[in-house]
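What follows is one structure encoded as structure tokens, with my remarks underneath.
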Amino acid sequence: MTNEQDLYSRATPRWLENGAQPEAKMPQWTPPSPIDRFLGGSPGAVVLKLIFVSLVVGALMMWLDLHPVDLWRGLVRFANRIWSLGFDAVREVGDYILAGAMVVLPVWLILRLLNMRHAR
């Protein structure tokens, strides 16, 4: 046995020494389908996860005496109150955004500039 053959035999896994093909042992990776990417996994697994989480959340809601109809009515009432406020609500939300932006944007800009200095 030459040095080259000796190196080859040490670098080759045992399952390849018997003449097996590497493709036969290693599964080929296939990219996930668009539906799998959208759902975050296979449809069956996602359905089972959603059923389990729905069971846990439903049990917690019943324990807290919260019923779906009551939640729906509360959501409708909230939407009606917002609608009745009209454009005053939009203006008020805009004021909140501007007030927050006066603080957040300078802080963000300073942090970005400091991070750029440390990156060099």
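The values are calculated or read from the model by the stated rules, or taken from the named source; none is laboratory data. Source: prediction; values computed, not measured. FYI the Cβ positions are ideal-geometry reconstructions off the backbone, even for glycines, and counts take in every protein chain you see. Ligands, DNA and RNA are excluded from the accessible area calculation, which covers all protein heavy atoms including side chains. Shrake-Rupley method; radii C 1.70, N 1.55, O 1.52, S 1.80 Å.
Worth pointing out:
- Residue in the stretch 32-40 that is open to solvent by 90 Å² or more (accessible area, probe 1.4 Å), of a type in the set (A, V, I, L, M, F, W, C) and at pLDDT 90 or above present: no
- Residue identified as of a type in the set (A, V, I, L, M), surrounded by 10 or more Cβ atoms within 10 Å (Cβ to Cβ) and more than 30 Å from residue 35 (Cα to Cα) among 64, 114: 114
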